[in-house]
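Accompanying notes for the structure given below.
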Amino acid sequence: MVLFLALFAFAIAIAGATAFVIFWPLTLVHIRDRHPQITAQLGEGAFLKPRALWWLLRGGYRTAGDRNLSGLATPSRISLLVILGGVALGGVLWFLGQALT
């Protein structure tokens, strides 16, 4: 049962990854087109750069004061948190399943 829950947690992480792949590129295009100062801060090709992901996780988009940016970045942030949470929970449950067998 524990390994099933671990697989389920990884499935949730995959669902988060799907949402992330949809919303994060849209967010980056919006930033590129309307916020050159944020583009300079994040750098070119910021899709998987740690600096850009950390900016997203800490909610750096809120300082821009752009409701459209917040509307794109908030689902990206939530999906990134779902990915991290699903992988972490799945890993813990997998280790627990290995320890119990």
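What follows is calculated from the coordinates using simple rules that are stated; it is not laboratory data. What you see is a predicted model, and the numbers here were worked out from it, not measured in a lab. Glycine also receives a Cβ, built like all others from the backbone with ideal geometry; neighbour counts cover every protein chain displayed.
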Given the structure, is PHE4 within 24 Å of GLY91 (Cβ to Cβ), in contact (Cβ under 8 Å) with a residue 60 or more places away in the chain and in a helix (DSSP H, G or I)?
no
Can you give me the number of residues within region 12-49 that are farther than 20 Å from ILE78 by Cβ and assigned to a helix (DSSP H, G or I)?
8
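For region 29-51, what are the residues that are surrounded by 14 or more Cβ atoms within 10 Å (Cβ to Cβ) and touching a residue at least 24 places away in the same chain (Cβ under 8 Å)? Walk me through how you get there before you give the answer.
Of all residues in region 29-51, those surrounded by 14 or more Cβ atoms within 10 Å (Cβ to Cβ) come to 30-32, 35, 38-39, 41-42, 46.
Across region 29-51, the qualifying residues are HIS30, ILE31, HIS35, ILE38.
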Please identify the pairs in which a residue from region 68-87 that is free of Cβ contacts under 8 Å to residues at least 24 places away in the same chain has its Cβ atom under 7 Å from the Cβ atom of a residue that is in a helix (DSSP H, G or I), counting only partners at least 6 apart or on another chain.
SER70/TYR61; SER70/ARG62; ARG77/LEU56; ARG77/LEU57
Only one of (1) touching a Phe, Trp or Tyr at 6+ places or on another chain (Cβ under 8 Å); (2) over 30 Å from GLN98 (Cβ atoms) does not apply to ILE83, and that is (2)
Exception for LEU7 within (1) within 30 Å of THR101 (Cα to Cα); (2) crowded, with 17+ Cβ neighbours inside 10 Å falls at (2)
Taking region 63-74, which residues are surrounded by 13 or more Cβ atoms within 10 Å (Cβ to Cβ) and either among the charged types (D, E, K, R) or within 13 Å of the chain's Cα centre (by Cα) (or both)?
ASP66, LEU72, ALA73, THR74
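Has region 75-91 got at least one residue that is assigned to a helix (DSSP H, G or I), closer than 17 Å to ALA13 by Cβ and more than 16 Å from the chain's Cα centre (by Cα)? If you could, list the steps in order and put the result at the bottom.
Here is the first cut: in region 75-91, the residues assigned to a helix (DSSP H, G or I) are 75-91.
Within this subset, residues satisfying the condition of being closer than 17 Å to ALA13 by Cβ are 75-91.
Among the residues that remain, those that are also more than 16 Å from the chain's Cα centre (by Cα) are: 90-91.
Yes, some residue in region 75-91 is assigned to a helix (DSSP H, G or I), closer than 17 Å to ALA13 by Cβ and more than 16 Å from the chain's Cα centre (by Cα).
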